[in-house]
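Accompanying notes for the structure given below.
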Amino acid sequence: KRPAGAPDKALAKPVTKVGVVGAGLMASQFALLFVRRLKVPVVITDLDQARVDKGVDYIRGEIDTLEKKGKINGDESNRLKALVTGTTDKADFADADWIIEAVFEELGVKQDVFAEIEKHVSDTAVLATNTSSLSVEQIGAKLAHPERLVGFHFFNPVAVMPLVEVVRAPSTDDATLSTAMVTAAKLYKNAVITTDTPGFVVNRILAKLLGEAMHAVDTGTPFEVVDKSIAPFGLPMTPFELLELVGLKVGAHVLDTHHAAFPDRFFESKNLHDLAEHGQIFERDAKGKVKGFDKKAVSIVKG
Ligand code: 3HC
């Protein structure tokens, strides 16, 4: 059955090469998924060679892990690793027909990235943004062909979380939307089509939870009281674990975006920005297991 609002699958364009802009953790995680599931060349780019190399090394390392876990064999592992390349030259995107970005969550940065990409790709290549809460329409404001831009929002950890939000901006055309839906299915993800509103569906709801958790701390409730209180409700992670998983800077940005759009409904948190600067809420052992709340983080919120 066709998902709600989805156009005919027959309109979908083939994806034969993927370009990934940004080689950070989120981009590297979904670049891995594209190569593993679509088995097409995936080229990743970032501002400098060191960042590109880090992203490519991460992806190749994860492919090795899949082999060690017995999920793919040695031949497949070598084939997939050979399909992943890095570049700092966007001209290498010339024959890519699906370009997706996960660069810094700032409107101007994303607008400029796409305006630049558009100079290097064909007029029909699909452009996708993994923005977590910005307007897809506004991200495409500098494009000559905004009809081929769509939101394609993954969740962390990408390998495990089953959902992709496919964000239809008013300008997104049916062929682009259809390509996004078919691509999501090929990535073995459940896709939902959302409207182009701040936070789409999932982050709007998560921003409530995380914002309220931060507000409780901002107004004097200790971290552990918040986490212990919510623990019996069956969430896979406590609010502060989730904030660390998505990244404190990303979390702070998501809260700011929601507060700016709906100031009467969402909090902003200076403490969260300070925690993001510090870098952590929990103290962890060498394997990443939580040992307790980080002392500096506790002192930051105590003021
Ligand atoms: N990266 C990659 N893989 C991971 C991972 C990570 N950070 N964490 C766990 N995994 C994998 C493990 O390798 C394992 O894979 P395997 O079965 O192939 O060995 C599998 O997940 C299960 O691992 P665990 O047994 O350790 O898993 P848990 O039962 O502890 O679950 C979890 C881990 C899936 C992360 C779970 O805690 C969870 O669902 N947490 C909530 C995550 C969530 O809500 N994400 C959405 C965040 S919002 C967002 O991303 C949007 C953005 O815009 C802000």
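FYI, it's all coordinate maths here, none of it is from the lab. Quantities reported herein were computed from a predicted structural model and do not represent experimental measurements. Neighbour counts are summed over all protein chains in view; Cβ atoms, including those assigned to glycine, are modelled from backbone coordinates with ideal geometry.
For ILE117, the conditions (1) in a helix (DSSP H, G or I); (2) of a type in the set (A, V, I, L, M); (3) crowded, with 22+ Cβ neighbours inside 10 Å all hold with the exception of (3). Pairs are defined by a Cβ separation below 9 Å, a sequence spacing of at least 6 or placement on different chains, a first member in region 151-166 that is part of a strand (DSSP E or B), and a second member that is of a type in the set (D, E, K, R); the pairs so defined are GLY151/GLU165; GLY151/ARG168; GLY151/ASP196; PHE152/GLU165; HIS153/GLU165; LEU163/LYS189; VAL164/LYS189.
The requirement of being more than 30 Å from LEU66 (Cα to Cα), touching a residue at least 12 places away in the same chain (Cβ under 8 Å) and within 12 Å of the chain's Cα centre (by Cα) is satisfied by SER133. Of the listed requirements (1) surrounded by 15 or more Cβ atoms within 10 Å (Cβ to Cβ); (2) not in a helix (DSSP H, G or I), THR16 misses just one: (1). Filtered by the rule that a residue be touching a residue at least 24 places away in the same chain (Cβ under 8 Å) and near the ligand (Cβ under 9 Å from one of its atoms), region 227-246 gives GLU241, LEU242, LEU245, VAL246.
Can you tell me which residue in region 91-106 is nearest to ALA12 (Cα to Cα), limited to those that are in contact with a helix residue (DSSP H, G or I) (Cβ under 6 Å, 6 or more places away or on another chain) and among the hydrophobic types (A, V, I, L, M, F, W, C)? Please lay out each step first, then the result.
Residues of region 91-106 in contact with a helix residue (DSSP H, G or I) (Cβ under 6 Å, 6 or more places away or on another chain): 99, 101-103, 105.
Within this subset, residues satisfying the condition of being among the hydrophobic types (A, V, I, L, M, F, W, C) are 99, 102-103.
Values: ILE99: 15, ALA102: 23, VAL103: 26 Å.
In this case the residue turns out to be ILE99.
Every listed requirement among (1) without any contact (Cβ under 8 Å) to a residue 40 or more places away in the chain; (2) in a helix (DSSP H, G or I) is met by LEU80 save one, (1). Put simply, of GLY251, GLY211, GLY279 the only residue that is touching a residue at least 12 places away in the same chain (Cβ under 8 Å), under 21 Å from MET161 (Cα atoms), within 21 Å of the chain's Cα centre (by Cα) and surrounded by 12 or more Cβ atoms within 10 Å (Cβ to Cβ) is GLY251.
Taking the numbered list (1) in contact (Cβ under 8 Å) with a residue 12 or more places away in the chain; (2) hydroxyl-bearing (Ser, Thr, Tyr); (3) touching a Lys or Arg at 6+ places or on another chain (Cβ under 9 Å) in turn, TYR58 passes all entries but (3).
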